[in-house]
Amino acid sequence: QPLPGRPGEDVVDDRINGYANGFLELARAEGSLERVESELFSIAETFDSSPELRSALTDPQLPTDKKNAILDDLLGGKASSLTVGLLQLLVGQGRASELPSIARAVVENAASSRDRAVAEVRSAVPLDEQTVQRLAAALGKATGKQLEVKVVVDDSVVGGIVARVGDTVIDGSIASRVDSLRTTVQGAR
């Protein structure tokens, strides 16, 4: 029995999954699935962390050609032509606000097709490949799943990491330990 949600929520979820599955199949057919996954994930993170970019790409008053010029400036030959085309499609159809959800669905669906789950790890600093592999093993053991780790550099994380696997959040940051200690101390007064 599905939980009740907001009216139209299923339609939005179906649309996001429809785009994600379409993008996944296109990337797979072109033999560039891993690259497109990675690019979409990075671009979604940039979109989430930049209010200016989000505002520009979702502004209904800004013409599509101007939005595409913004994408060209942002990606400037760094992303595959398929990724750029997929983003231009979303922008052209007025779906830029759904970019993060669609990108995450692409990454999760691709991982699922490889019998894996996605672990999103936030760290204040970039992590080397050896550290990422150790994290994948440790998080896999903790969750009982084979994982693909996607690292997001996030300067709001103070020391350590914050990992999310599905609905499970593992906060190993210093900030969370300080908050926990503060709560304990305040509760002891």
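The values are calculated or read from the model by the stated rules, or taken from the named source; none is laboratory data. All values reported here derive from a predicted model rather than from experimental measurement. Don't worry about glycine lacking a Cβ; one is built from the backbone with ideal geometry, like all the others, and counts go over all protein chains shown. With ligands, DNA and RNA removed, areas are computed over all heavy atoms of the protein, side chains included. Shrake-Rupley method; radii C 1.70, N 1.55, O 1.52, S 1.80 Å.
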Once each part is reduced to its C-alpha centroid, what is the distance from segment 7-45 to segment 101-148 in angstrom?
17
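Carbon and sulfur: what percent of the chain's accessible surface (1.4 Å probe)?
Whole-percent figure for carbon plus sulfur exposure: 51.
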Against the longest principal axis of the chain, how steep is helix 9-29, in degrees 0 to 90 to the nearest 10, with axes from Cα atoms?
70
Work through the residues other than Leu62 whose Cβ is under 15 Å from its Cβ and net out their charges, Lys, Arg +1 and Asp, Glu -1.
-1
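What 222 nm value per residue comes from the helices of the chain, counting each DSSP H run with n ≥ 4 as -39,500 (n - 2.57) and dividing by all residues, nearest 500 deg cm²/dmol?
On the way: 8 runs with 114 residues, N = 189.
So the calculated ellipticity at 222 nm is -19500 deg cm²/dmol.
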Using label points projected 7 Å from each Cα along Cα→Cβ, tell me how many nm separate Glu25 and Thr143, to one decimal.
2.7
Taking r as the C-beta separation of Asn68 and Asp154 and R0 as 25 Å, the FRET efficiency to the nearest 0.05 is 0.35
Leaving ligands and nucleic acids out of the surface, order Lys141, Lys78, Lys150, Lys66 by accessible area at 1.4 Å, largest first.
Lys141, Lys78, Lys66, Lys150
Mean separation of Cα contacts under 8 Å (6+ apart) over length of the chain, as relative contact order %:
19
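Would you please classify the overall shape of segment 1-103 from the alpha carbon gyration tensor, given that a ≥ b ≥ c denote the square roots of the eigenvalues, rounded means a/c under 1.5, and beyond that prolate means a/b larger than b/c while oblate covers the rest? Provide the component values of the computation, followed by the final result.
Details: a/c = 1.96, a/b = 1.21, b/c = 1.62.
In terms of gyration-tensor shape, oblate.
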Which one, Gly31, Gln88, Val12, projects farthest toward the positive side of the charge dipole computed for the chain from Cβ point charges (K/R +1, D/E -1)?
Val12
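Provide the gained length on full extension for the span Gln88 to Ser55, in nm with one decimal, where the gain is 0.36 nm per separating residue minus the Cα-Cα distance.
Details: separation 33, 0.36 × 33 = 11.88 nm, distance 1.57 nm.
Taking Gln88 through Ser55 to full extension adds about 10.3 nm, to one decimal.
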Got a sec to turn the phi values of segment 39-44 into Karplus ³J(HN,Hα) couplings, 6.51 cos²θ - 1.76 cosθ + 1.60 with θ = phi - 60°, whole Hz, x for Gly and Pro?
5, 4, 4, 5, 5, 4
Charge dipole (debye, nearest 20) of segment 14-142; +1 at Cβ of Lys and Arg, -1 at Cβ of Asp and Glu:
240
Please check: in the Gaussian network model of the chain (C-alpha springs, under 10 Å), which one of Gln93, Gln61, Gln146 has the largest mean-square fluctuation.
Gln61
Accessible area per residue, 1.4 Å probe, Å², for the chain: what's the number?
59
Treating the angle as unsigned and between 0 and 90°, give the value, to the nearest 10°, between the Cα long axis of helix 174-187 and the longest Cα principal axis of the chain.
50
Anyone know which of Glu148, Glu39, Glu52 comes out most mobile in the 10 Å Cα GNM of the chain?
Glu52
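Please report the antiparallel percentage of DSSP beta bridges with both residues in the chain, rounded to the nearest 5.
Numbers: 9 of 16 bridges.
Rounded to the nearest five, the antiparallel share is 55 percent.
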Output ³J(HN,Hα) for segment 144-157: one whole-Hz value per residue in order, computed from phi by the Karplus curve 6.51 cos²θ - 1.76 cosθ + 1.60 with θ = phi - 60°, and x for Gly and Pro.
x, 10, 7, 10, 10, 9, 10, 9, 10, 7, 9, 6, 7, 7
Using θ = phi - 60° and the Karplus form 6.51 cos²θ - 1.76 cosθ + 1.60, what ³J(HN,Hα) does each residue of segment 125-140 get, whole Hz, x for Gly and Pro?
10, x, 10, 6, 4, 5, 5, 4, 5, 5, 4, 4, 5, 5, 5, x
Crossing angle, helix 99-113 versus the chain [Cα axis fit, 0-90 degrees, rounded to tens]:
70
